[in-house]
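Structure first, then comments.
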Amino acid sequence: MAVQPEGTPCWADAMFADVEGAKSFYGEVLGWTFGGSASEFGDYTQAYADGKAAAAVVPPMPGAEGQSAWCLYLASPDAAATAAKVRASGGEVLMEPMKVGEFGTMALARDPGGAVFGIWQAGSHEGFETEMGAPGGYCWGEVFTRDPKKVDTFYPSVFPYTLRKFDDETMDFSMFDVRGKTVLGRMAMGDDFPPEVPSYLNVYFAVPDCDAAVAKATERGGALRYGPVDSPFGRFAALSDPQGASFTVIDVTTTEGEMPATSPAT
């Protein structure tokens, strides 16, 4: 896959205290296989869906032990420049841009609402090789936030996004577009989210059968947090893996209802 336009989600990874357990779980739920770990890069291990790079798992760095979570990386032609925009726009740089061998340059940041995301300047590693909607591959990402106004201002000031909103005023949902293509969503967190749940970037992985994926996940110690439900975009369910990392599975071939109307944000 070619380098993605600036601001497009291009990669996802997660730290797990029990990497072998994570490999077993996601191998069962998403059909992933795994390459060898690279000790010079902290035992970073790439996951594959049908032989194509889909994501990666890695043990925590010393001193970084904590709750496992998926991190979604947004493409940047210049990670240092993007990090500067993050600061100038009210965000926080958690990890300064760092060159990762010949693969590229990464940084970690936090938006003003508290959601953490990655920045990736591609070298030899350009990101996802999976096609959108292909089983086991990345499919979609959403910023879940309690501060939608700040977030809706922040991301278009860091990346070349244009903002659209659902016309249905009962749902506070925005979409970020790049070159006329929607690449990321933003969902306002309401009272139905427990107060202890922080803002986060939700990563969707495609599956051929949502209900079967949920069954496998719960059999393997995962927790069902929402769904499965049908939507115009597909049948999806929100899950947590046994180590607490949240993710969503979606079957894009099973849809119900009409696509919601949207309008440019004013």
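The values are calculated or read from the model by the stated rules, or taken from the named source; none is laboratory data. Keep in mind it's a predicted model, so treat the numbers as computed, not measured. Note: ideal-geometry Cβ built from the backbone for every residue, glycine included; neighbour counts use all protein chains shown. Just the protein is used for accessible areas: all its heavy atoms, side chains included, with ligands, DNA and RNA removed. Shrake-Rupley method; radii C 1.70, N 1.55, O 1.52, S 1.80 Å.
Worth pointing out:
- Across the range 83-88, rounded Karplus estimates of 3J(HN,Hα) from the backbone phi angles (6.51 cos²θ - 1.76 cosθ + 1.60, θ = phi - 60°) give 4, 5, 5, 4, 5, 5 Hz, Gly and Pro being marked x.
- The range 3-47 and the range 165-240 have Cα centres separated by 20 Å.
- A viscosity of 1.567 mPa s and a temperature of 4 °C, combined with the Kirkwood radius over Cα pairs in Stokes-Einstein, give a translational diffusion coefficient for the chain of 69 µm²/s.
- Alpha-carbon Debye profile of the range 77-182, log10 I(q)/I(0) at 0.11, 0.24 Å⁻¹: -0.40, -1.38
- Loop-exposed GluC sites (Glu not before Pro) per DSSP, neighbour cap 10 Cβ within 10 angstrom, longest uninterrupted part of the chain: 1-101
- The range 216-232 - phi-based ³J(HN,Hα) in whole Hz, Karplus 6.51/-1.76/1.60, Gly and Pro as x: 5, 4, 6, 4, 8, x, x, 10, 7, 9, 6, x, x, 9, 8, 8, x
- Contact order for the range 120-266, expressed relative to its length and based on alpha carbon pairs under 8 Å spaced 6+ residues apart, stands at 24 percent.
- Mean Cα-pair separation over length for the chain, i.e. relative contact order, pairs under 8 Å, 6 or more apart, %: 18 percent
- The residues of the chain have, on average, 46 Å² of accessible surface per residue, using a 1.4 Å probe with all protein chains present.
- Here's how it looks for Leu72: its modeled amide H is under 5 Å from those of Gly118, which are all 5 or more places away or on a different chain.
- The amide H of Gly234, built 1.01 Å from its N in the peptide plane, has Glu256 as neighbours under 5 Å, considering only residues 5 or more places off or on other chains.
- Residue-by-residue Karplus 3J(HN,Hα) for the range 201-209, coefficients 6.51, -1.76, 1.60, Hz, glycine and proline x: 9, 8, 9, 9, 10, 7, 9, x, 8
- Relative contact order (percent, whole number), the range 154-206, Cα cutoff 8 Å, 6+ residue spacing: 21 percent
- Residues whose amide H lies under 5 Å from that of Arg225, counting only those 5 or more places away or on a different chain, are Ala238, Leu239, Ser240; hydrogens are built 1.01 Å from N in the peptide plane.
- Based on the Stokes-Einstein relation at 10 °C and a viscosity of 1.306 mPa s, and on the Kirkwood radius from alpha carbon pairs, the range 154-266 is assigned a translational diffusion coefficient of 102 µm²/s.
- With a Cα cut-off of under 17 Å and a minimum spacing of 8 residues unless on different chains, the lysine pairs in the chain number 6.
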